[in-house]
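The values are calculated or read from the model by the stated rules, or taken from the named source; none is laboratory data. Computed from a predicted model, the values in this text were never measured in an experiment. Every residue, glycine as well, gets a Cβ built from its backbone with ideal geometry; the counts of neighbours run over all protein chains shown. The accessibility values were calculated without ligands, DNA or RNA, using every heavy atom of the protein model including side chains. Shrake-Rupley method; radii C 1.70, N 1.55, O 1.52, S 1.80 Å.
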Amino acid sequence: MMRIFGFDSIEEYCKVKVSDFYVNPHDRKKFSDKLIANGKFVGEELYLKKKDGTHIWCEATVHAHRDESGEIDYFDGFMQDITERKQMERQNRRLAMIAEQAGEGIAVADLNGILQFTNVSWANMHGYETADEMLGKHMSICHTDEQMKTDVIPFNEQVKCNGYHTGEVGHVRKDGTRFPVQMATTLFKDEVGVPVGFIGFAWDITERKRAEEDLRESETRVKAVLDTVQAGIVLVEAESHIIVEVNQAAVRMIGVPKEEIVGKICHKYICPAEVGKCPITDLGQKEDNSECVLLAVDGKEIPILKSVTTIMLGGRDYLLDSFVDISDRKEAEDAMKRARRQAEEAKDKLEIVNQDLEESIERANLLAEEAVIANQVKSEFLANMSHEIRTPMNAIIGFGDILEDTRLNEEQLDYVQTINRSANALLSIINDILDFSKVEAGKLLLEEIDFDLETLVFDVCEIIKPRLADGDVKLLSHIDDDVPSLLRGDPGRLRQVLINLMGNASKFTESGEIELNIKMVGRQSDKLTIGFAIRDTGIGIPKDKHERIFYAFQQADGSTTRKYGGTGLGLAISKSIIENMRGRIWLESEPGSGSTFFFNVPLTIAADHPETPDVVTTKSVDENLEHSVRILLAEDDKVNQKLATALLTRAGHTVDIAENGRQALKRVKAYDYDLVFMDVQMPIMDGLKATMAIRRAGFKDLPIIAMTASAFQSDKDQCIEAGMNEFLSKPIKRKEVFEQIQKFVLDRPPTNPLIAT
């Protein structure tokens, strides 16, 4: 006892009162009362203080001895210092708390693989609600038998040998699904260093593995594209001029394996005489289009026509070199020079020399054209139409529609209608390009909504009829009786395919008829396979061209585009749409006997609601509305301001203009508006930020309609996430504008306007 409390002698220890050893004086009385009442206490934990004032925990066992009268005569007992044990218990509780709150999975197993501890993250990762479900079970519940043999047992043996191991291991959840984890396992030893088990840390890397796989697929696609381009392509690190990537065309020209090219200075192969004079990095040019020399492995200098531009990847500057071999053209130029010299030296052979010269010139021009084409092959078709194209298109189509409704003489009306048809034809080409780029990027999305098939067919025929007005062609349509009228699918994309196919038929059919037939070709419960056939009596297509015409930029004949127009994308887009619908398209045709395009698509029967059917139909919108609507137009482009103002004020509405998002926010706070048309791209504050600010200001019910030249689903999603109610893609159609006013203002029940504070 003396040593426990830090005293040097018995005499010194005996002078101290028992109550002085207690940190809390009340504990002295509590334990005294307990001892008197019970006559003893066993294993009682006491919080005491030593001679030097430091606090310790002691475990005491004390007995009271009584005399013959029953009075307590004396006490005896023993005590031991348990401070270290208490600290260890507190440390263990702290470690357990940390383990439970850790984001990664943590598990402890003995050497036989029996789980002694798992935290909640480990349990949840493996499909268990609580850690208690896994305790006492073998670690094999986290693995399949096959994985235990191939991954886990060798993994644990390596831990026993090295003391630790990290790596990827396959795990299995409670429901049997497998998933990859990153494991870090350490051998767990006791106080004397004897191994007693394993401590494992695990991270579910399913998303990381999926991202890695997506990246590998993306790299494979890019590499496949680069390797099919006939122009040589070299990617160079701008600062060091080290080659980091080459395509197969460049490898063939240089004549050595790719591994020997990558990592070398670009001047070793490209522009060997221009070290220190790089037009981009040394001379300050933004791009370089010039002739230079490519040095092949055999020392041969190959003249090339190259184009160099700067790109940024991962925050670093790179030079993208693309080039074509112009050896033949250079030889042709040399031949022309020799021909001129021969002409000067031998005038008596002038006729022969002139003939050679003309042939050389023709050959040189042909080679020059081939070189330009080869240089253009490196650039695939533009995937995204720019804001600068769709914005003026918005003005052309919008003002054309307005002008057509003004007082015009017959000649003026014909001119305006010609402008409108041409503008819509150009918009159709732009939309084809955008749809094709969506297909190429894998962003073609399909809807699942109810629609009326008969109405859809009627709409398509109404669109095609004007194209047949100048010819002797009948337009026929037939739907079999067993085909339900109300179906569920994507009516917009189905309409697009029918317009493409029937539009093609109208271009290539000068007399006879175009017929649309629709029938049931398969049924399982409410799952239907509907067959469509578009037959014409036009010029027909040779059999060897049947597959080719479904590829992008392909026509049955090279003169087709010149004679009939078109981008060569309609059938490729239609094929992609049908295949995305899990359908199939094919063709039967012979030259002079017309063509029949067939396609089958799976659809489902729509839920039948006879009172208020929720189906898609064509619906006209009356611009001469009875109620004037106050509208805020947030638009920075002056032409578009003028167009929208004219369109809306002619219909009797009141329009205020905001030239940027900040002005729009101020006006919404100052005035009561029924609706806001919000351009997305504006200076100072764009439409997305302005919309979020308006919503934060308390205007939760104010309809905000996005107007933008972008036309991808991701752009629409971004607008909706920002708080906008709907999305209009430029060029803006008059019908679409008034549909939004009808939907969000006139058809909405009246509410008290929200005044923001």
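Within the range 177-212, how many residues are under 20 Å from G113 (Cβ atoms), over 28 Å from the mean Cα position of the chain (by Cα) and free of Cβ contacts under 8 Å to residues at least 40 places away in the same chain?
The total comes to 8.
For the range 399-423, name all the residues that are open to solvent by 90 Å² or more (accessible area, probe 1.4 Å) and without any contact (Cβ under 8 Å) to a residue 12 or more places away in the chain. Break it down stepwise before answering.
We begin by selecting, within the range 399-423, every residue open to solvent by 90 Å² or more (accessible area, probe 1.4 Å); these are 407, 410-411, 415, 419, 421.
R407, E410, E411, Y415, R421, listed by residue number.
Hey, can you tell me all the residues within the range 436-455 that are at pLDDT 80 or above and either under 32 Å from the mean Cα position of the chain (by Cα) or not β-branched (V, I, T) (or both)?
To start, the set of residues in the range 436-455 that are at pLDDT 80 or above comprises 446-455.
If the condition is that a residue be at pLDDT 80 or above and either under 32 Å from the mean Cα position of the chain (by Cα) or not β-branched (V, I, T) (or both), then L446, E447, E448, I449, D450, F451, D452, L453, E454 are the ones that fit.
Among the residues that make up the range 7-22, is at least one of them in contact (Cβ under 8 Å) with a residue 40 or more places away in the chain and out of contact with any His (no Cβ under 9 Å at 6 or more places or on another chain)?
Yes, because at least one residue in the range 7-22 is in contact (Cβ under 8 Å) with a residue 40 or more places away in the chain and out of contact with any His (no Cβ under 9 Å at 6 or more places or on another chain).
Matching residues to (1) within 30 Å of L226 (Cα to Cα); (2) at pLDDT below 75; (3) among the β-branched types (V, I, T); (4) touching a Phe, Trp or Tyr at 6+ places or on another chain (Cβ under 6 Å):
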position	(1), (2), (3), (4)
V372	yes, yes, yes, no
N384	yes, yes, no, no
M393	no, yes, no, no
D414	no, no, no, no
S422	no, yes, no, no
A425	no, yes, no, no
L434	yes, yes, no, no
V457	no, no, yes, no
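Is at least one residue of the range 683-690 part of a helix (DSSP H, G or I) and open to solvent by 60 Å² or more (accessible area, probe 1.4 Å)?
First, the residues of the range 683-690 that are part of a helix (DSSP H, G or I): 687-690.
In the following step, the residues that additionally are open to solvent by 60 Å² or more (accessible area, probe 1.4 Å) were identified as 689.
Scanning the range 683-690, I find at least one residue that is part of a helix (DSSP H, G or I) and open to solvent by 60 Å² or more (accessible area, probe 1.4 Å), so the answer is yes.
With respect to E68, is the statement that it is touching a strand residue (DSSP E or B) at 6+ places or on another chain (Cβ under 6 Å), among the acidic types (D, E) and either farther than 30 Å from V181 by Cβ or at pLDDT below 80 (or both) true?
Details: touching a strand residue (DSSP E or B) at 6+ places or on another chain (Cβ under 6 Å): no; among the acidic types (D, E): yes; either farther than 30 Å from V181 by Cβ or at pLDDT below 80 (or both): yes.
No: the conditions fail for E68.
Looking at the range 592-618, which of its residues are open to solvent by 60 Å² or more (accessible area, probe 1.4 Å) and at pLDDT 90 or above?
In the first step, residues of the range 592-618 are kept if they are open to solvent by 60 Å² or more (accessible area, probe 1.4 Å); the result is 592-593, 608-614, 617-618.
Passing the criteria: none in range.
Are any residues in the range 489-504 over 27 Å from the mean Cα position of the chain (by Cα) and over 13 Å from F532 (Cβ atoms), and if so, which ones? Outline the logic, then answer.
Our first condition is that a residue be over 27 Å from the mean Cα position of the chain (by Cα); within the range 489-504, this holds for 498-504.
Answer for the range 489-504, where residues must be over 27 Å from the mean Cα position of the chain (by Cα) and over 13 Å from F532 (Cβ atoms): G503, N504.
Are any residues in the range 701-757 within 20 Å of the chain's Cα centre (by Cα) and either among the aliphatic types (A, V, I, L, M) or modelled with pLDDT of 90 or more (or both), and if so, which ones?
Correct list: A709, A711, C719, I720, E721, A722.
Quick check on the range 632-654. Is at least one of its residues at pLDDT below 90, open to solvent by 20 Å² or more (accessible area, probe 1.4 Å) and farther than 29 Å from E404 by Cβ?
So far as the range 632-654 goes, no, none of its residues is at pLDDT below 90, open to solvent by 20 Å² or more (accessible area, probe 1.4 Å) and farther than 29 Å from E404 by Cβ.
Scan (1) at pLDDT below 85; (2) open to solvent by 30 Å² or more (accessible area, probe 1.4 Å); (3) closer than 30 Å to G43 by Cα for the single condition F117 breaks and write down its number.
(1)
Need the failing condition index for E579 against (1) at positive phi; (2) at pLDDT 90 or above, just the number.
(1)
Among the residues of the range 64-72, are any under 21 Å from Y13 (Cα atoms) and over 60 Å from the mean Cα position of the chain (by Cα)? Before the answer, list the steps.
Of all residues in the range 64-72, those under 21 Å from Y13 (Cα atoms) come to none.
No; the residues of the range 64-72 include none that is under 21 Å from Y13 (Cα atoms) and over 60 Å from the mean Cα position of the chain (by Cα).
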